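Quick notes on the structure that follows.
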Amino acid sequence: MQSANLPFMCGEESLGRLRSELDRVCEEIAEKFNLFDTRGRPKKSFIVDALMRNICPACAFKALTQPREDDDVDALYREGHGLALNILIEMLRYELKRNGLNAVVEGEVPGDYGRPDVTIKLSNQGIILELKGAAIIIELKTGVSISLIQLLKYGIEHPDSIIAVWRIRMKQFFIIDMRKHRQILLAIMFAAINRGLAILSGTATECHHNNRNSQNKASRVENPQQLLDELFTSITNDLPSIVDAILRLAGEKSRASENS
Ligand SMILES: [Zn+2]
């Protein structure tokens, strides 16, 4: 028996290697299951998600061949999320400017100030602050659910980023510094590649798991009064300290990129 020698343990150059290997596997899976976006690119994020959320190969096969509509989230969660995001973006823009940084929201013309210091882009669940040579990804969560796979997928696209998560109602804010956690990023990519290769080479089997219904049930708001009370209070009470934390991160990131 040989001792375990995982290919992702051997340093920085494996990031590029694993990324192109993962791209290749995603392209083959996209080809096999016809998973392309409207611009004809493989749905990489969806594919990695289906691979990593389903340990059972038959479930992964199901997820790839019968994509679930994402729209089964209770509208109250979606509305609450949109509201928090709206206020956060404008507070960030205001505070960044007050701190001497020229910030624009994606789609805006930079104006007379030349190249913006910070561009605020919309992502699926939050925003991406693009600074010179760095990115801060901010995820907003209105419910209690969270997906580490989803967070780490950002890391695959932005390996030098900081991912900040605000769980609004739970009054929690934490960050994942992808530079500090390079090994877990490589491990996730390694696992996704291997599972993808297994899916590509194997034939689908039947299984009796039914993960989908339980997920749907969990997204329904049972107590809308409590949700709204908690949400509105948390947004107004906690937003200033959240914005402060993001500004500190942005300051550290832009200083770091100036020095490098
Ligand atoms: Zn299964």
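The values are calculated or read from the model by the stated rules, or taken from the named source; none is laboratory data. Just so it is clear, the structure is predicted and the values come from calculations on it, not from any experiment. Neighbour counts run over all protein chains shown; Cβ positions are idealised from the backbone, glycine included.
For every residue, the table says whether it meets (1) at pLDDT 90 or above; (2) among the polar types (S, T, N, Q); (3) crowded, with 18+ Cβ neighbours inside 10 Å.
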| residue | (1), (2), (3) |
| --- | --- |
| LYS62 | no, no, yes |
| ILE87 | yes, no, no |
| GLU106 | no, no, no |
| ASN124 | no, yes, no |
| GLY143 | no, no, yes |
_Criterion: surrounded by fewer than 16 Cβ atoms within 10 Å (Cβ to Cβ) and either among the basic types (Lys, Arg) or away from the ligand (no atom under 16 Å from the Cβ) (or both) - qualifying residue of LEU231, LEU151, LEU186, LEU200_ = LEU200
*Out of (1) assigned to a strand (DSSP E or B); (2) within 16 Å of the ligand (Cβ to nearest atom), the odd one out for THR119 is which?*
(2)
*Being without any contact (Cβ under 8 Å) to a residue 60 or more places away in the chain and hydrophobic (A, V, I, L, M, F, W, C) is the filter here, so list the residues in the stretch 41-67 that pass it.*
PHE46, ALA50, ILE55, ALA63
_Residue selected from the stretch 126-141 under the condition modelled with pLDDT of 90 or more and not aliphatic (A, V, I, L, M), by the criterion nearest to LEU185 (Cα to Cα)_ = GLU139
_Please go through the stretch 160-183 and give me each residue that is in a loop (DSSP other than H, G, I, E, B) and either of a type in the set (Phe, Trp, Tyr) or crowded, with 18+ Cβ neighbours inside 10 Å (or both), ordered by number._
SER161, ILE168, ARG169, MET178
*Within the stretch 238-251, can one find any residue that is within 16 Å of the ligand (Cβ to nearest atom) and polar (S, T, N, Q)?*
no
*Taking the stretch 160-184 as the search range and keeping residues that are in contact (Cβ under 8 Å) with a residue 60 or more places away in the chain and of a type outside the set (Phe, Trp, Tyr), which one is farthest from PHE232 (Cα to Cα)?*
GLN183
